[in-house]
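See structure below.
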Amino acid sequence: MQLFKHQPIKIYNSLSGTKETFKPINEGYVGMYVCGPTVYSNVHLGNVRTFMSFDMIFRYLKHVGYKVRYVRNITDAGHLENDADAGEDKITKKARLEQIEPMEIVQRYTVDFHNILNTFNFLPPSIEPTATGHIIEQIELIKDILNNGFAYQVNGSVYFDVHKFNETHDYGILSKRKLEDLIHNTRELDGQGDKKNPQDFALWKKAEPQHIMRWPSPWGDGFPGWHLECTAMSTKYLGDQFDIHGGGMDLKFPHHECEIAQNEAAKGQSPVNYWMHANMLELNGQRMSKSTGNTVNPDELLSGNNKFFSKAFAPSVIRFFMAQAHYRSVLDLTDDGLIASEKGFFRLMDAINLLDGLKASETSSVDINTWKQKCYDAMNDDFNSPILIANLFEAAKYINQVKEGSETLTKEDAALLKTTLHAFLFDVLGLENVTKKESGQDKLSGAVNVLIKLRQEARANKDFAMSDKIRDELAEAGILLKDGKEGTTFSLL
Ligand code: AMP
Ligand code: ZN
């Protein structure tokens, strides 16, 4: 398919702050790097949202015919608790607390990450490199940065000299910050004693004797700074300059700003043509975050076993809910929102399952080609999935109208509608065609609702022994009843 040639895609570039027409470095090929997880705890749904946005972008670029090399790393070393190089390495700390090897932590949470992404039907990236697998490349980069005069060595650590760099370059070009403002706003933190200036960041940190994750280097035993791994791995697999770099909005500064500085300092060029940042998932109006504990893990939402939501939701329903917001908008995870998405999702699946049984007519009363182009226009406009989905609902409406006889479709148009719907729903949005019945939810809900009704009747007759028995025995079977203002709901334990 050579569709990309006729369908220019606009991408919002965080570097320029505008939507730009996408021009890949090599025609027909896209190199895309996305910062992966730091594998020291289970991923939460906020992390999943960011990776899902880029999974959809990867899927769309492939769908329109690009050959995409998608690199998403695993951070298994070097990410300190504090972005300003203070505190402990997150993985080392977790290993110390659990009294196991850091690599056991890494293994456990990498497996968890992959399981979660499989549950949500993610495509695997083309390459998934690890920081610990690229220590040599990181050391080479540090040597280049030192040789070019943009770093200094102190007591076995190497720091990037932000002030020196800013004399000839623009530190803050991506995050639109000015070094003077940063100087004004930075507090001295513990553990920064070696740095010339608090804005400098670690390229290599000396390992204290008790530090388990350590590698030899020209500056002594130590470990690489967090920002460096992404520079090393992105350029190794995609070239010193590549097309797209993505990540969550919170990584823009300092992480991505430092990546630009490192690449310019080492190789004399800005690494990325299009910087893309996905916006945050909130829970009850507050950012979902490991550090504040305001999180819901995917398993908890899939099983319904959590304190925030009235029921369990299927993976495709959660995926659909996320795709109903643009990747650059903040999205609040709410019960009402998920329930509305669930209804919409099953409405689309029901419509698609009607397609094969539609009666063909001599003529079409709806223009399927125009509708199809509107779907592409939506995605070509900075991957606007909510507008795409609005168009998919339009198609569901046509299908129902054709079924009822108020609109008509020829055999060819029905086939075109089907291939386009399949392409967008399953290939691009990554949904799976489950109907309510197949998901098992319908039957289970039906059975539990019968028991909820019997319990209500028992209560109305003041037969509290019976009503408690129903509640307790359901709990034993792993089904928790919750009495609320709107009546009784249930979740799976
Ligand atoms: P981490 O494992 O903390 O490095 O995060 C992995 C990815 O998840 C990064 O791209 C973060 O920007 C992203 N992320 C973290 N919290 C959220 C959130 N609440 N909503 C969306 N993305 C998030
Ligand atoms: Zn990164």
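Helical runs assigned H by DSSP (4 residues or longer) give the chain a calculated mean residue ellipticity at 222 nm of -13500 deg cm²/dmol, each run adding -39500 (n - 2.57) before division by the residue total. Sorting the segments 309-315, 271-277 by their residues' average number of neighbouring beta-carbon atoms within 10 angstrom, most packed first, yields 271-277, 309-315.
Can you give the percent of C-alpha pairs in the stretch 187-252 whose distance is more than 18 Å? Of the Cα pairs, 56 percent sit more than 18 Å apart. When peptides 88-99, 13-24 are ranked by their average number of other Cβ atoms within 10 Å per residue, the highest-first order is 88-99, 13-24.
Note on the chain: with charges restricted to the Cβ of Lys and Arg (+1) and Asp and Glu (-1), its dipole about the Cα centre is near 840 debye. What you get for the stretch 441-492, charging only the Cβ of Lys and Arg (+1) and of Asp and Glu (-1), is a dipole of about 140 debye around the Cα centre. Let a ≥ b ≥ c be the square roots of the eigenvalues of the Cα gyration tensor of the stretch 334-410; is it rounded (a/c under 1.5), or, if not, prolate (a/b larger than b/c) or oblate? Oblate, since a/c reaches 1.5 and b/c is not below a/b. With both labels modelled 7 Å from their Cα along Cα-to-Cβ, the T168 to M249 distance reads 3.6 nm.
Helix 257-267 sits at what angle to the longest principal axis of the chain, using alpha carbons and giving 0 to 90 degrees rounded to 10? The answer is roughly 50 degrees.
Straight Cα distances below 25 angstrom link K5 to the lysines K19, K23, K62, K67, K372, K374, K418, with same-chain residues fewer than 8 positions distant left out. Evaluating 6.51 cos²θ - 1.76 cosθ + 1.60 at θ = phi - 60° for every residue in the stretch 392-404, the Karplus couplings come out as 5, 5, 4, 5, 4, 4, 4, 4, 5, 5, 5, 4, 7 Hz, glycine and proline recorded as x. Among 167-174, 206-213, 128-135, the peptide with the highest mean count of other Cβ atoms within 10 Å heads the list, and the full ranking is 128-135, 167-174, 206-213.
Each label was represented as a point 7 Å from its Cα along the Cα-to-Cβ direction; for N294 and V330 these points are 0.9 nm apart. When both the stretch 81-116 and the stretch 137-169 are represented by their alpha-carbon centers, they are found 27 Å apart.
Going by a ≥ b ≥ c, the root eigenvalues of the Cα gyration tensor, does the stretch 3-278 fall in the rounded group (a/c under 1.5), the prolate group (a/b larger than b/c) or the oblate group? Cα axes put the stretch 3-278 in the oblate bin.
For the chain, the relative contact order is 16 percent, taking Cα pairs closer than 8 Å that sit 6 or more residues apart in sequence and dividing their mean separation by the residue count.
Ranking L425, N284, Q401 by how far each Cα lies toward the positive end of the dipole of the stretch 282-428 (charges on Cβ) leaves N284 at the top.
Residues whose amide H falls under 5 Å from that of N294, counting only those 5 or more places apart or on a different chain, are S289, with hydrogens built in the peptide plane. Past the 28 Å Cα-Cα mark, which pairs from K10/K164; K164/K252; K178/K205? Table pairs above 28 Å Cα-Cα are K10/K164. Annotation for the stretch 58-76 versus the stretch 332-374: alpha-carbon center distance of 27 Å.
Around the amide H of F490, modelled in the peptide plane, lie the amide H atoms of K482, all under 5 Å away and 5 or more residues distant in sequence or on another chain. Using alpha-carbon pairs under 8 Å, 6+ residues apart, how would you state the relative contact order of the stretch 3-278 in percent? Relative contact order comes out at 24 percent. Computed on the chain, the Cα convex hull volume stands at 167 Å³ per residue. Note on D381 and T410: the extension gain reaches 7.4 nm, defined as 0.36 nm multiplied by sequence separation minus the Cα-Cα distance. In nm, give the distance between the simple-model label positions of H114 and Q99, each being 7 Å from the Cα along the Cα-to-Cβ direction. Calculated label separation equals 2.9 nm. The HN-Hα couplings worked out from phi for the stretch 217-230 by the Karplus form 6.51 cos²θ - 1.76 cosθ + 1.60 (θ = phi - 60°) are 8, x, 9, x, 5, x, 8, x, x, 4, 5, 5, 4, 6 Hz, whole numbers, x standing for Gly and Pro. Under 5 Å from the amide H of V34 lie the amide H atoms of V71, R72, N73, G246, each residue being 5 or more positions distant or on a separate chain, with H modelled from the backbone and absent for Pro and chain starts.
Between D468 and D356, the contour length at 0.36 nm per residue exceeds the Cα-Cα span by 35.5 nm. Working note: Karplus 6.51/-1.76/1.60 with θ = phi - 60° gives the stretch 88-105 the couplings 8, 5, 4, 6, 4, 4, 4, 5, 5, 5, 8, 6, 9, 5, x, 5, 6, 4 Hz, where Gly and Pro are set to x. The overall shape of the stretch 282-428, judged from the alpha-carbon gyration tensor, is prolate: a/c is not under 1.5, and a/b is greater than b/c. Rounded to 0.05, the FRET efficiency of the K176 and T21 pair, given R0 = 22 Å and the Cβ-Cβ distance, is 0.50.
Each reported figure results from applying straightforward, stated rules to the coordinates on display, with no laboratory input. Just so it is clear, the model here is predicted, and its values are computed rather than measured. We place every Cβ from the backbone using ideal geometry, glycine too, and count neighbours over all the protein chains shown.
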